[in-house]
Amino acid sequence: MHEPETGLRARLVDVGVDLVDREGVQALTLREIARRAGVSHGAPRRYFPTHLELLSAIARRGFAELAERATAATAPGADVGAVSPRAQLAALTHCYLEFALDHRGMYELMFRHDLLESGHLGLRDTSLPLFGRLVELVGLVRPDADARLVAGALWANLHGIAQLWGWGSLQLATGADDFVPLLRNALDSHLGKDGA
């Protein structure tokens, strides 16, 4: 592929990332992405034979950004308390929820496997290490349990908090003005009380 084609491919993904952040998943049509990229509505098909492949490339950007944030949040020295596996889990899950709430459209797209071809474009290679890191940390905190199952339940809980907080439901139901107490309770529920 020569440089102008590579540039257009990246521009189509850039436009899609911007569009999903501003207007949500429903706005991600080939025609709208092409229009905003300033190309014919057929141009995206040269780089993305299916709409699903373009959506997967856009979601890959979201997973890459989330992975960068998660790595920074749990890196040694990122936070004085982020040394223990429990503290790293708290930092990782907080980072996850912040990303979900800051990028609601992208977050929705990233986990809509009914819309994505997750085996294409290395999407699974980008998403599975995040879950693997969660499993690893859960295993260190709960060596007595099946870490994959506990991590899966914790992830489902985080997803629920993100969705319900984003819709305003949790604020209404709990009177909370910050998701941190909910996150703390979720961690305690799945990992046991801190220090226990």
Relative contact order (percent) for the chain, with alpha-carbon contacts under 8 angstrom and 6 or more residues of separation? 20 percent
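Tell me the net charge near ASP188. Cut-off is 15 Å between Cβ atoms, ASP188 excluded, with +1 for each Lys or Arg and -1 for each Asp or Glu. Please report the intermediate quantities before stating the final value.
Values: positive: ARG86, ARG142, ARG184, LYS193; negative: ASP194.
Here the count lands on +3.
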Taking 4 °C and 1.567 mPa s as the conditions, I'd like the Stokes-Einstein D for the chain in µm²/s, using the Kirkwood hydrodynamic radius from alpha carbon pairs. 72 µm²/s
Taking 8 Å as the Cα distance limit and 6 or more residues as the minimum spacing, I'd like the relative contact order of the range 101-196 as a percentage. 23 percent
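Since every read-out is calculated from the coordinates, none of them should be taken as a lab result. None of these values were measured; they are calculated from a predicted model. Using ideal geometry, Cβ is built from the backbone for each residue, glycine included, and neighbour counts are taken over all protein chains shown.
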